[in-house]
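Beneath this line is the structure, given in structure tokens, with notes to follow.
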Amino acid sequence: MEYTVGQYLATRLAQLGLNHVFAVAGDYNLTLLDEMAKAKDLEQVYCCNELNCGFAGEGYARARIMGASVVTFSVGAFSAFNAVGGAFAENLPLLLISGAPNNNDYGSGHILHHTMGYSDYRYQMEMAKKITCEAVSVAHADEAPCLIDHAIRSAIRNRKPAYIEISCNVANQPCTEPGPISSITNSLISDDESLKAAAKACVEALEKAKNPVVIIGGKIRSAGCAVSKQVAELTKKLGCAVATMAQAKGLSPEEEAEYVGTFWGDISSPGVEDLVRDSDCRIYIGAVFNDYSTVGWTCKLVSDNDILISSHHTRVGKKEFSGVYLKDFIPVLASSVKKNTTSLEQFKAKKLPAKETPVADGNAALTTVELCRQIQGAINKDTTLFLETGDSWFHGMHFNLPNGARVESEMQWGHIGWSIPSMFGYAVSEPNRRNIIMVGDGSFQLTAQEVCQMIRRNMPVIIILINNSGYTIEVKIHDGPYNRIKNWDYAGLIDVFNAEDGKGLGLKAKNGAELEKAMKTALAHKDGPTLIEVDIDAQDCSPDLVVWGKKVAKANGRAPRKA
Ligand SMILES: C/C(NCc1cnc(C)nc1N)=C(/S)[C@H](O)COP(=O)(O)OP(=O)(O)O
Ligand SMILES: [Mg+2]
């Protein structure tokens with residue numbers, strides 16, 4: 001078979017186990033899309049715009065080794081860059097592929113369409129370098145294999161996005177056939193001496209500790225399911241209390257005896273903040289300490305007795321071990337540590353019995369308490385719940401997850417509207433999961449179009465659209481007229497997207513009885529998405545958001561540093 005540059009790229013993606021690539025057409029990428037379409041097992045999935053196309057690739061990367069999105073030069077890539085920035089912030093290997101000018105135009109002085117209007121087209125590469133771990137420009141077929149492999153390998157190894165631009169007249173040029181994919185997927189191996197020394201230092205620290213606890217952070221999400229399983233084995237061996245930070249909700253099996261809940265400062269699960277504060281050895285795995293996760297810098301509990309394990313570094317007390325990769329280190333640690341259940345016993349001794357949420361009066365105005373009680377009822381082991389930036393974050397922390405259930409969020413980047421296109425990409429990879437999105441009205445207005453692609457692919461995604469008349473998070477941080485939004489008929493939008501043949505469902509619920517009926521309908525509706533628009537009073541929000549909002553506002557409002 002005669003290979004071309006576009007086929008080389010597509011074959012590499014298929015060899016990695018991607019069955020889909022997301023795209024928005026543009027005259028700089030049409031030939032590339034034609035060539036990529038020749039690769040078998042790699043279906044092209046088209047999106048409404050490049051921001052959503054990038055987020056769809058990011059969502060796909062939450063389920064697979066990586067995601068890939070193809071856009072046109074400049075006018076397409078600029079929109080996609082926001083999703084690439086998000087993938088970088090969330091440590092997700094998204095490959096952004098952009099069509100690029102004809103290679104005869106470089107250095108020609110030609111002014112080209114869709115560009116900034118001057119003849120140096122390198123600006124896009126320069127921008128891409130800032131938001132990816134690797135950015136390459138393929139302007140000649142003979143260098144394509146090396147550049148493409150390097151970009152893909154970098155993305156996988158670093159768990160970060162990478163960028164490839166391909167001149168529109170090079171995509172169909174003859175190219176060599178790709179060799180074994182192992183040259184790309186072979187991961188870096190840990191430095192053996194550092195691995196052993198780090199494990200020894202951890203064991204010694206834990207032997208001295210009275211009540212160690214494990215706190216799992218969001219960075220293990222991108223290390224993949226295998227690492228999550230290894231971490232679960234380690235915590236089982238340790239036997240101590242295990243908490244998850246907000247970004248890591250769903251990354252530790254919550255039905256296990258060791259699981260104690262969310263660690264999020266003042267708004268932690270009951271008893272968890274004290275447990276973490278009183279521990280004499282906190283083992284953080286994949287922790288991200290930012291202003292949101294530390295509730296405005298009020299709960300960054302780290303001391304010299306603690307152990308901080310990240311993707312390729314481990315700090316034990318005051319000693320640093322680098323070149324120690326999570327996938328190697330966690331199993332070595334699990335085989336070396338001794339059981340210490342003290343922190344779990346301390347937690348259990350103080351734990352109060354969980355309170356059952358009473359069923360609300362079916363005819364009373366719907367509240368967030370009743371909404372969450374009913375969403376809880378829909379969560380099973382096959383559920384993946386996407387929590388959009390907004391009050392959904394705070395409600396989401398209170399769901400009890402059966403083992404197997406997953407939660408996805410974007411708490412570092414926090415681009416409102418991310419959940420719709422990202423879930424679209426995720427659900428393309430995982431169509432058989434029970435895929436549910438909790439999204440606010442404000443967020444939905446940014447990326448709503450991608451629901452039409454869910455309709456196009458008959459995807460039974462359930463979208464809980466919380467209509468609370470605006471930007472409630474922002475209201476709780478700092479209110480003003482800018483937090484009000486134009487209301488939409490969100491449920492009615494589904495008919496617009498259905499047009500003549502769609503099978504989407506748009507339902508409304510203003511009380512518990514209507515929600516009960518809508519949820520039942522949604523769970524039974526299999527050949528299209530169901531959007532349930534729930535009316536919630538603008539003042540009804542999670543009490544955690546009120547506490548958190550005040551502290552984040554205080555952190556935002558710190559006086560300028562004296563010059
Ligand atoms: C406007 C903004 N953040 C600022 C913002 C603005 N633009 C982008 C792209 N991302 C952002 N996070 C946020 S969190 C809104 O409260 C979201 O409103 P909504 O989706 O309606 O959720 P809640 O009502 O629960 O807050
Ligand atoms: Mg809202």
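The values are calculated or read from the model by the stated rules, or taken from the named source; none is laboratory data. Since this is a predicted model, take the numbers as computed values, not measurements. Cβ placement follows ideal geometry from the backbone for every residue including glycine, while neighbour counts extend to all protein chains displayed. In case anyone asks, the SASA skips ligands and DNA or RNA and just uses the protein heavy atoms, side chains included. Shrake-Rupley method; radii C 1.70, N 1.55, O 1.52, S 1.80 Å.
Excluding same-chain residues fewer than 8 positions from Lys510, which lysines have a Cα within less than 22 Å of its Cα?
Lys486, Lys520
How high is the FRET efficiency from Ala365 to Lys38, r the C-beta distance, R0 51 Å, rounded to 0.05?
0.35
If you bin the C-alpha pair distances of the range 44-190 every 5 Å from 0, what whole percents do you get?
For the range 44-190, the binned pair fractions read 2, 10, 19, 22, 20, 15, 8, 3, 1, 0 percent.
Could you check the simple spin-label distance between Arg456 and Ser108, using points 7 Å along Cα→Cβ, in nm with one decimal?
So the two model labels end up 3.1 nm from each other.
Which part of the range 354-372 falls in the paramagnetic zone of Lys550, meaning amide N under 11 Å from the point 7 Å along Cα-to-beta-carbon?
none
What FRET efficiency would be calculated for the residue pair Glu345, Val302, taking the C-beta separation as r and a Förster radius of 30 Å, to the nearest 0.05?
With a Förster radius of 30 Å, E is 0.80.
Among the listed pairs Lys318/Lys550; Lys236/Lys300; Lys355/Lys381; Lys200/Lys300; Lys196/Lys229; Lys160/Lys318, which are separated by more than 32 Å between their Cα atoms?
Among Lys318/Lys550; Lys236/Lys300; Lys355/Lys381; Lys200/Lys300; Lys196/Lys229; Lys160/Lys318, the Cα-Cα distance tops 32 Å for Lys318/Lys550.
Need one number: % antiparallel among DSSP beta bridges in the chain, to the nearest 5.
Close to 15 percent.
Kirkwood-based Rg over Rh for the range 190-348 (C-alpha set), two decimals?
Details: Rg = 14.0 Å, Rh = 15.2 Å.
My calculation of the ratio gives 0.92.
Taking Cα centroids, how far is the range 243-317 from the range 83-107 in Å?
Cα centres, the range 243-317 to the range 83-107: 34 Å.
Which value in Å is the Kirkwood Rh of the chain over different Cα pairs?
In the chain this quantity evaluates to 24.8 Å.
At 7 Å along the Cα-to-beta-carbon direction for both Cys146 and Thr185, put a label point, then send me their distance in nm to one decimal.
2.6 nm
Of all accessible surface on the chain at a 1.4 Å probe, what whole percent is carbon and sulfur?
53 percent
Under 12 Å from the Cβ of Gln445, count the other residues' Cβ atoms, weight Lys and Arg +1, Asp and Glu -1, and hand me the total.
Around Gln445, the charge tally is -1.
When only DSSP loop residues count, what trypsin sites (Lys or Arg not before Pro) in the range 254-327 have their Cβ near at most 13 other Cβ atoms within 10 Å? It would help to have the intermediate numbers written out before the result.
Details: sites: Arg277, Arg282, Lys300, Arg315, Lys318, Lys319, Lys327; in loops: Lys300, Lys318.
Those satisfying the criteria are Lys300, Lys318.
With a cut-off of at most 16 other beta carbons within 10 Å, and DSSP calling the residue loop, which GluC sites (Glu not before Pro) in the range 482-563 qualify? Please list them.
Answer by residue number: Glu500.
Using all alpha carbons of the range 78-133, what is the percent of pairwise distances in each 10 Å bin, ordered from the shortest bin to the longest?
21, 46, 25, 8
At Asn487 and Glu233, where each label point lies 7 Å from the Cα along Cα→Cβ, what is the point-to-point distance in nanometres?
5.5 nm
Provide the FRET efficiency to the nearest 0.05 for the Asp382-Lys562 pair, computing r from the beta carbons and using R0 = 56 Å.
It comes to 0.50.
Subtracting the Cα-Cα distance from 0.36 nm times the residue separation, let me have the gained length for Asp495 to Lys208 in nm, one decimal. Provide the component values of the computation, followed by the final result.
Details: separation 287, 0.36 × 287 = 103.32 nm, distance 6.36 nm.
So the extension gain works out to 97.0 nm.
Using a cut-off of under 17 Å, list every residue of the range 142-178 whose amide N is near the label point 7 Å from the Cα of Met1 along the Cα-to-beta-carbon line.
What the label zone holds, given the 17 Å backbone N cut-off, is 145, 172-178.
Using alpha carbons only, what's the Rg to Rh ratio of the range 248-338 with Rh from Kirkwood?
Rg/Rh: 0.96.
Using the heavy atoms of the protein chains alone and a 1.4 angstrom probe, what is the accessible area of the chain per residue in square angstrom?
Counting only protein heavy atoms, the per-residue value for the chain is 41 Å².
What whole-number distance in Å separates the alpha-carbon centres of the range 182-241 and the range 111-133?
So the two Cα centres are separated by 41 Å.
Restricting everything to alpha-carbon atoms, can you work out Rg to Rh for the range 347-463 with a Kirkwood hydrodynamic radius?
Numbers: Rg = 15.5 Å, Rh = 15.4 Å.
Result: Rg/Rh = 1.00.
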